[in-house]
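**Student:** Handing you a structure now.
The values are calculated or read from the model by the stated rules, or taken from the named source; none is laboratory data. Quick caveat: nothing in here was measured; it's all calculated off a predicted structure. Please note: Cβ atoms are built from the backbone with ideal geometry, for glycine as well, and neighbour counts cover all protein chains shown.
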Amino acid sequence: EGRRKGSDEPADYYLSDLFAILSTVIASKPSEKIHVQEEEAEDPASIPIYWVSKWVDYSDKYGLGYQLCDNSVGVLFNDSTRLILLANGENIQYIERDGTEHYHTLKVFPETLTKKVTLLKYFRNYMNEHLLKAGANMTPREGDDMTRLPFLRHWFRTRSAIVLHLSNGTLQINFFQDHTKIILCPLMQAVTYIDEKRDFHIFKLSGIEKYGCTRELASRLRYARTMVERLMTSKSGSGRVRSANPSTS
């Protein structure tokens, strides 16, 4: 198995693991069980450490801006570089296309980053002023001191959803029509389903395999597997979309 340079994580960011887990769950036909006991599969302790709480798509010009649930802010630029402002609002991390990382502050950084820092601030201010925070009433699982802040590895849009893949393996899919969301964590082997009322439902995938789930969740898991397949065949970077104005969630 490939490993990324200077990392213990697999080269595909857990996509093959996620595909295998989802395939097993889907094969069990969880919504067709005679007695679906979805509540038996619930496991609130498996809530993710990180999820995307806001995003704004300005990829026709610059890239995709996002906020994680810890209030850190990142931009995946169209040139496949990334700039991240940590939750303390001071430290920034710049990641080159080849993965090389540089650490600066919002006050002291190389002149070459001036435009990107300006854009990062623009994205941050726009999201703070205009967007609701997904999961604002939920407390993320606490990471330990070794838990690295993930970056947005890849994203793309379909007609029905935006797909966001983080570098820690977490896959998030936000559905446009009903504003539901699923967050899949390959390490916890869990799925978080955020329903139309913005309520969180957290399940172990093995529990869904055993006890079943609703048709709504089962169809989203099938969709997620298709998106994982697409991610496995695409290169890291941006999913472009032509639009005159920033679109948001």
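**Student:** Return the residues of region 110-144 that are closer than 23 Å to Phe200 by Cα, out of contact with any Cys (no Cβ under 9 Å at 6 or more places or on another chain) and basic (Lys, Arg); say none if nothing qualifies.
**Tutor:** Arg141
**Student:** Right, here's the next one. Of everything in region 32-69 that's buried (at least 18 other Cβ atoms within 10 Å of the Cβ), among the polar types (S, T, N, Q) and more than 18 Å from Met188 (Cα to Cα), which residue is farthest from the chain's Cα centre (by Cα)?
**Tutor:** Ser59
**Student:** Go through region 57-74 and report how many residues are within 21 Å of Tyr193 (Cα to Cα) and in contact with a Phe, Trp or Tyr (Cβ under 6 Å, 6 or more places away or on another chain).
**Tutor:** Here the count works out to 3.
**Student:** Let me ask you something else. Would you mind stating whether Glu209 is without any contact (Cβ under 8 Å) to a residue 24 or more places away in the chain and either of a type outside the set (Gly, Ala, Ser) or out of contact with any Ser or Thr (no Cβ under 8 Å at 6 or more places or on another chain) (or both)?
**Tutor:** When the stated conditions are applied, Glu209 does not pass them.
**Student:** Then there's this: Can you name the condition, by its number, that Leu187 falls short on among (1) under 30 Å from Ala11 (Cβ atoms); (2) assigned to a loop (DSSP other than H, G, I, E, B); (3) at pLDDT 95 or above; (4) hydrophobic (A, V, I, L, M, F, W, C)?
**Tutor:** In the conditions (1) under 30 Å from Ala11 (Cβ atoms); (2) assigned to a loop (DSSP other than H, G, I, E, B); (3) at pLDDT 95 or above; (4) hydrophobic (A, V, I, L, M, F, W, C), Leu187 misses (3) alone.
**Student:** Could you look through region 83-122, keep only residues that are in contact with a Leu (Cβ under 9 Å, 6 or more places away or on another chain) and over 23 Å from Thr147 (Cβ atoms), and pick out the one that is surrounded by the fewest Cβ atoms within 10 Å (Cβ to Cβ)?
**Tutor:** Out of the qualifying residues, it is Lys121.
**Student:** Among the residues of region 129-174, write down those that are more than 16 Å from Val228 (Cβ to Cβ) and of a type in the set (Phe, Trp, Tyr).
**Tutor:** Selection gives Phe151 alone.
**Student:** Taking region 220-234 on its own, how many of its residues are under 13 Å from Leu22 (Cα atoms) and either touching a residue at least 60 places away in the same chain (Cβ under 8 Å) or not in a helix (DSSP H, G or I) (or both)?
**Tutor:** Counting residues in region 220-234 that are under 13 Å from Leu22 (Cα atoms) and either touching a residue at least 60 places away in the same chain (Cβ under 8 Å) or not in a helix (DSSP H, G or I) (or both) gives 8.
**Student:** OK, next. Check whether at least one residue in region 124-138 is touching a Leu at 6+ places or on another chain (Cβ under 8 Å), modelled with pLDDT of 95 or more and not basic (Lys, Arg), and report yes or no.
**Tutor:** no
**Student:** Continuing with this model, one more query. Gly89 passes all but one of (1) small (Gly, Ala, Ser); (2) out of contact with any helix residue (DSSP H, G or I) (no Cβ under 7 Å at 6 or more places or on another chain); (3) under 21 Å from Pro48 (Cβ atoms); which number fails?
**Tutor:** Going through the list (1) small (Gly, Ala, Ser); (2) out of contact with any helix residue (DSSP H, G or I) (no Cβ under 7 Å at 6 or more places or on another chain); (3) under 21 Å from Pro48 (Cβ atoms), Gly89 breaks only (3).
**Student:** Let me ask another. Kindly evaluate Leu86 against the criterion of being of a type in the set (A, V, I, L, M) and in contact (Cβ under 8 Å) with a residue 40 or more places away in the chain.
**Tutor:** Yes; evaluated as a whole, the condition is true for this residue.
**Student:** Can you spot a residue in region 131-145 that is in contact (Cβ under 8 Å) with a residue 12 or more places away in the chain, in contact with a strand residue (DSSP E or B) (Cβ under 6 Å, 6 or more places away or on another chain) and under 18 Å from Tyr58 (Cα atoms)?
**Tutor:** Within region 131-145 (the criterion being in contact (Cβ under 8 Å) with a residue 12 or more places away in the chain, in contact with a strand residue (DSSP E or B) (Cβ under 6 Å, 6 or more places away or on another chain) and under 18 Å from Tyr58 (Cα atoms)), the answer is yes, since at least one residue qualifies.
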